[in-house]
1. Working only within region 99-138, note down all residues that are farther than 18 Å from LEU14 by Cα, assigned to a strand (DSSP E or B), open to solvent by 10 Å² or more (accessible area, probe 1.4 Å) and not charged (D, E, K, R).
2. Give the residue that is farthest from GLN182 (Cα to Cα), with candidates limited to residues of region 75-89 that are in contact (Cβ under 8 Å) with a residue 60 or more places away in the chain and open to solvent by 40 Å² or more (accessible area, probe 1.4 Å).
3. Given the conditions (1) modelled with pLDDT of 95 or more; (2) not in a helix (DSSP H, G or I), and given that GLN185 satisfies all but one, which numbered condition is not satisfied?
4. Suppose we filter ALA77, ALA96 for residues that are among the hydrophobic types (A, V, I, L, M, F, W, C) and in a strand (DSSP E or B); which single one remains?
5. Determine which single condition GLY19 fails, assuming it passes every other condition in (1) in a loop (DSSP other than H, G, I, E, B); (2) open to solvent by 60 Å² or more (accessible area, probe 1.4 Å); (3) within 30 Å of CYS183 (Cα to Cα).
6. Of these, GLU154, GLU171, which one is over 22 Å from ASN120 (Cβ atoms) and among the acidic types (Asp, Glu)?
7. Looking at this structure, is LYS142 open to solvent by 10 Å² or more (accessible area, probe 1.4 Å), touching a residue at least 40 places away in the same chain (Cβ under 8 Å), in a helix (DSSP H, G or I) and among the charged types (D, E, K, R)?
8. Looking for something open to solvent by 40 Å² or more (accessible area, probe 1.4 Å) and farther than 30 Å from LEU260 by Cβ - is there at least one such residue anywhere in region 153-175?
Amino acid sequence: MRVKIDDLKFSVLLATYNGGNYLNEQLNSIRNQSNVEVLIVVSDDCSSDNSLQLLSESRTANSELIVLSTKRLGSAAANFFRLLRDADFSRVDYVALSDQDDIWQEDKLSYAVEKIRENNADAYSSNVTAFWPSGSQKLINKAQSQQQYDYMFESAGPGCTFVLTRKLALELQRFLIANQAQCNQFALHDWFIYAYARSNKYKWFIDPTPHMLYRQHAENVVGANVGFKAKLARWKKLRDGWLVEQALATANILGYSNALPMQKLMRYNFLDRLWLIFNVTKLRRRLRDRVALALFLILPLKR
């Protein structure tokens, strides 16, 4: 049974940087959302292509598009944090995040609201269908069951699928404003948002049904992690201590540094690593990621 959607208002936060080749297609897919009213708020990270021109033309033709003042931010995460700090959420029901180069199905937002209501959730994310210029497609499955500590080590999935209730968005906004300098150190906004929500007892629903096409190309900041080279690059980041650094920094600013996994990660002696390995099912959702984390934990940490 479908939940009735009554003229709900969405703020869609769109971060752009040199995305002119794909921007209009994505803007159109956002505007074509069914059964909801959409206001698109854009932050551009000083694009050097035609992105700003396209946004200016689109803003002139459409009243539902707001372009914030151009500001050099340096990363997708910093750009989304800026959007979350500066956008006005007072008159919307939900807040969604959007990349500049994807394609949304018409029911992406209305379906997310249905699932939020059905599950009495505060936030939503979903699987995506990755697609390549060749025309090939692949389901990216992020909808494994949530675990006790998974938010300390990973995101709920691609941030471009995130939908937050106004209550959660406003609480997150206040936190980001109060802690702007510390939050700018984080490389992955989606992981940080998920960790903020879960550590503050907000309920998160991960949907196995994809409602968007997740474009893959050479300029992807993160991408779908498909193929040997992508996996090797992520393993190198893991061995270089990136995961530990991000996990501990997130725990510190969000106030759960005393949680048992974080205490083990900080000390990182043999017994601590052993505990983490034996409890790896509580730390990551997917079997493949658990195996990779366990292999990493066997080895001494590079300092």
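The values are calculated or read from the model by the stated rules, or taken from the named source; none is laboratory data. Since this is a predicted model, take the numbers as computed values, not measurements. When we count neighbours, we look across all protein chains shown, and the Cβ atoms used for this are built from the backbone with ideal geometry, even at glycine. Ligands, DNA and RNA are excluded from the accessible area calculation, which covers all protein heavy atoms including side chains. Shrake-Rupley method; radii C 1.70, N 1.55, O 1.52, S 1.80 Å.
1. Passing the criteria: THR129, PHE131, GLN137.
2. ASP88
3. (1)
4. ALA96
5. (2)
6. That would be GLU154, the only listed residue that is over 22 Å from ASN120 (Cβ atoms) and among the acidic types (Asp, Glu).
7. The answer is no for LYS142.
8. yes
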